[in-house]
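Below you'll find the structure, written out as structure tokens, and then a few comments.
The values are calculated or read from the model by the stated rules, or taken from the named source; none is laboratory data. Note that the coordinates shown come from a computational prediction; the quantities given were computed from them, not determined experimentally. Cβ placement follows ideal geometry from the backbone for every residue including glycine, while neighbour counts extend to all protein chains displayed. Heavy atoms of the whole protein, side chains included, go into the accessibility calculation; ligands, DNA and RNA do not. Shrake-Rupley method; radii C 1.70, N 1.55, O 1.52, S 1.80 Å.
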Amino acid sequence: MGQTPPVVGWSIPRNAEADTLRKANVLPPESNVDLMSEIEVPEDHPRYESLLTRHRIEEGVDKGITSRQGLIAEGRGEAFDYLLGERTIESAERAERAAAAQLLLADHPVVSVNGNVAALVAAETVDLAEAVAAEIEVNLFNRTAERMDAIAAHLQEHGADAVKGLTADGRIPNLSHERAKVDADGIGAADVVVVPLEDGDRAEALGAMGKTEIVIDLNPLSRSAQTAAIPIVDNIIRAVPNMTAHARELESADRETLEGIVDEFDAEAALAAAEAAIREGELQ
Ligand code: PTJ
């Protein structure tokens, strides 16, 4: 057995870098960094999740999926997550269960994907969509044909059958920017939409169209979180797999049970609990 590979500071050896490190005998030759994990950091490392997130966002930018503004958005999210203790707080767990129930009740649920979401949770989004029979639609603030295609291809590489958003034959009324462009038979026809990682006016405009919104955002004060029927104040890399787990557990629940879970959920209380946790939480 070789020595445990050193993890120096916060640097993450990528696969190519790992090869160089192996040749220089810094990583043992049998180290399977490129086969077993995306980052050469043990999973019990206290910053594992944060380092993995940064790595995925960086790769997203390199692949033309994530915008450079996405790096800044991630930094903002990380700051909130740090204050939350990088954990799923109880009120978020309840929101994730309510979201799963709401998605299972929906006639036409759609998960909206932007450049950060695609980079962070492509496979996990495909799993969620499968668990609740939802469609996946790409919707971008900084919309270009190249990014739309790259994100759709990336989602397909991670198992998505069909990806909506490229037709863009529908519009969200009263929204002047690119996020107004939707597929008429996708978000345009949806009754429940998952809106992750965007602090903006689209959530309000979708609400005005009569759609039920599930927002994932680490900032409980963001406009999207404030207008959502179900705001989930949690890191998307924890939130999406949790929603899928709840959906699988609730898969055979009857309508009444699902409606009960949704009715019991109190959006205002969830936002207040998240804000209190951020403002008053004790840092370890
Ligand atoms: O890919 P595009 O062109 O559609 O652009 C996407 C970004 C994210 C750049 C764009 O939507 C944007 O600028 O978003 P904002 O206004 O910065 O809002 C992003 C929100 O997501 C902020 O409230 C962050 O706190 C939050 N956030 C960032 N990272 C995470 C997060 N919430 C949950 N999990 C995260 N990992």
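Computed values, structure above
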read-out	value
Residue check for ALA118: touching a helix residue (DSSP H, G or I) at 6+ places or on another chain (Cβ under 6 Å), open to solvent by less than 10 Å² (accessible area, probe 1.4 Å), closer than 29 Å to ARG68 by Cβ and modelled with pLDDT of 95 or more	yes
Among residues of the range 223-267, those that are open to solvent by 20 Å² or more (accessible area, probe 1.4 Å), closer than 17 Å to ASP81 by Cβ, within 12 Å of the ligand (Cβ to nearest atom) and of a type outside the set (Val, Ile, Thr), counted	1
Failed criterion for PRO220 (all others in (1) crowded, with 21+ Cβ neighbours inside 10 Å; (2) more than 11 Å from the ligand (Cβ to nearest atom) hold)	(2)
Some residue of the range 100-120 being within 30 Å of GLU259 (Cα to Cα) and free of Cβ contacts under 8 Å to residues at least 40 places away in the same chain	no
Hits in the range 141-163 - residues which are of a type outside the set (Phe, Trp, Tyr) and in a loop (DSSP other than H, G, I, E, B)	ASN142, ARG143, THR144, HIS158, GLY159, ALA160, ASP161, ALA162, VAL163
Candidates GLU146, GLU157 - the one that is in contact (Cβ under 8 Å) with a residue 60 or more places away in the chain, exposed (fewer than 15 other Cβ atoms within 10 Å of the Cβ) and out of contact with any helix residue (DSSP H, G or I) (no Cβ under 6 Å at 6 or more places or on another chain)	GLU146
Number of the condition not met by LYS164 [criteria: (1) buried (at least 22 other Cβ atoms within 10 Å of the Cβ); (2) more than 16 Å from the ligand (Cβ to nearest atom)]	(2)
Check on ILE278, open to solvent by less than 20 Å² (accessible area, probe 1.4 Å) and of a type in the set (Val, Ile, Thr)	no
Matching entry among VAL138, VAL121 (being within 15 Å of the chain's Cα centre (by Cα), within 15 Å of the ligand (Cβ to nearest atom) and within 18 Å of GLY188 (Cβ to Cβ))	VAL138
